[in-house]
Amino acid sequence: MPATTRLSLIARITDSDDSESWAEFVSLYGPFVYSLARTRGLQDADACDVVQEVMREIAKSVSRFDADPELGRFRSWVSVIARRTMARYSDRNRRHAKGTGDTANLVALSGVADRAEEDLWEREHQRHLFQWAAKQVRGDFTETTWLAFWRTAVDGVHASAVAEECHISVGAVYIAKSRVAGRLRERLVEAAESGLI
């Protein structure tokens with residue numbers, strides 16, 4: 001997909017009738033929100049419900065998003081919506097148990113939870129960005145090149161073992177790994193420059 005299309009995705013999803021743009025947006029952020037919901041302990045069906053609610057909230061408010069970099073990145077904005085939606089969903093479905101503790105302890109625990117959640121959000125976001133970019137560029141490479149990259153970079157298998165497995169030289173394994181990694185970086189830079197991530 002051309003970089004100009006990427007640059008306009010945020011603007012295009014403000015049009016609720018643009019199903020192609022929404023499909024692209026959901027393919028990027030939907031699995032990520034789903035994974036976060038699952039890590040919060042939600043079952044599959046509940047996590048799917050949360051994804052739907054998050055996408056609905058984004059659809060309602062995306063026209064108010066200000067792309068000014070001084071105000072924050074688009075993914076941070078999505079993060080806030082996702083966390084608020086998950087909190088509302090959890091509150092609705094949680095049994096209301098009485099808590100104990102004074103205000104100072106609750107404030108301290110809240111800060112720890114926020115930092116831990118932010119760390120989780122960042123790790124999950126990076127993982128999903130990698131998966132998304134991998135799907136985007138997968139078709140650009142032969143099966144052998146992709147396998148050499150994946151087995152060394154993702155699975156952590158030594159290059160000599162991958163060379164034997166793929167029936168190529170060790171040098172070819174390193175070249176494949178470098179080519180695929182470079183294309184992944186390019187794709188992620190394109191998405192970042194568009195403000196999408």
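The values are calculated or read from the model by the stated rules, or taken from the named source; none is laboratory data. This is a predicted model, so every value here is computed, not measured. No Cβ is skipped: glycine too gets one built from the backbone with ideal geometry, and neighbour counts run over all protein chains shown. Side chains are part of the model used for accessible areas, which takes the heavy atoms of the whole protein and leaves out ligands, DNA and RNA. Shrake-Rupley method; radii C 1.70, N 1.55, O 1.52, S 1.80 Å.
Scanning segment 28-47 for residues that are assigned to a helix (DSSP H, G or I) and open to solvent by 60 Å² or more (accessible area, probe 1.4 Å) yields a total of 5. What tally of residues in segment 128-176 results from selecting those that are open to solvent by 70 Å² or more (accessible area, probe 1.4 Å) and within 27 Å of the chain's Cα centre (by Cα)? Residues that pass the stated criteria total 9. Take Glu186 and tell me if it is open to solvent by 60 Å² or more (accessible area, probe 1.4 Å) and assigned to a helix (DSSP H, G or I). Spelling it out, Glu186 is indeed open to solvent by 60 Å² or more (accessible area, probe 1.4 Å) and assigned to a helix (DSSP H, G or I). Contact map, segment 155-174: first residue aliphatic (A, V, I, L, M), second residue not in a helix (DSSP H, G or I), Cβ cut-off under 7 Å, separation 6 or more or different chains; pairs are Ala163/Ser169.
Residue under question is Ser90, and the condition is that it be under 30 Å from Glu186 (Cα atoms), surrounded by 11 or more Cβ atoms within 10 Å (Cβ to Cβ) and modelled with pLDDT of 70 or more; does it hold?
Numbers: under 30 Å from Glu186 (Cα atoms): no; surrounded by 11 or more Cβ atoms within 10 Å (Cβ to Cβ): yes; modelled with pLDDT of 70 or more: yes.
The answer is no for Ser90.
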